[in-house]
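The structure appears right after this line, and notes come after that.
The numbers here are math on the coordinates, done by the rules we state, and not lab data. Predicted model only: the values in this text are computed from it and were never measured. Neighbour counts run over all protein chains shown; Cβ positions are idealised from the backbone, glycine included.
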Amino acid sequence: MSFDINFLVSVTFLKGVRKLPPCLTSGNYRPHLKIDTDDEYLGVTFKNDVECRFDEAISVNVIPMYEGVDYSKLQPSTKFFVMEGDKIVGSGIVESIVKLDR
């Protein structure tokens, strides 16, 4: 998939829900984001150069996964949960929208 936007988010992964923090450097971590005022799950890929630790906020690039899904609800200051199935494994806030030149 090719999108012309990415999101910079601040996210904290919760200790006690997962055994290990997710690996964000591989580009293979693909949870869903759920805005705290909405029930829709938004599929994304997390991509970062630095590994994360539990209960510590980290800035991460988030890439939309699905064409035809409306990601416009992800605006700066929007709070969200990081979902793996029906489990909340983290929470965060959108810092900015990054428009890509293609």
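Quick look at the numbers
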quantity: Under 14 Å, Cβ to Cβ, from ILE35 - net charge with Lys/Arg +1 and Asp/Glu -1; calculated: -2
quantity: 5 angstrom amide H check on GLY90, placed H, neighbours 5+ away; calculated: LEU14, VAL82
quantity: Counted charge near LYS19, where neighbours are those whose Cβ lies closer than 14 Å (Asp, Glu -1; Lys, Arg +1); calculated: +3
quantity: Selection of trypsin sites (Lys or Arg not before Pro), the stretch 1-49, meeting DSSP coil and at most 14 other Cβ within 10 Å; calculated: LYS19
quantity: Filtered GluC sites (Glu not before Pro), the stretch 52-102: DSSP coil and at most 13 other beta carbons within 10 Å; calculated: GLU56, GLU67
quantity: Amide H contacts of THR25 (H built 1.01 Å from N, under 5 Å, at least 5 apart or other chain); calculated: ASN48
quantity: Contact order relative to length of the chain, as percent, for alpha carbon pairs under 8 angstrom and 6 or more apart; calculated: 40 percent
quantity: Exposed chymotrypsin sites (Phe, Trp or Tyr not before Pro) absent - longest run of the chain, DSSP non-H/G/I/E/B, at most 16 other C-beta within 10 Å; calculated: 4-65
quantity: Amide H partners (placed H, <5 Å) of VAL98, local residues excluded; calculated: ASN6, PHE7, LEU8
quantity: Under Karplus coefficients 6.51, -1.76 and 1.60, residue-wise ³J(HN,Hα) of the stretch 67-81 in Hz, glycine/proline x; calculated: 5, x, 9, 8, 9, 5, 6, 7, 10, x, 6, 6, 8, 8, 10
quantity: Relative exposure of CYS23, CYS52, judged by other C-beta atoms within 10 Å (fewest first); calculated: CYS23, CYS52
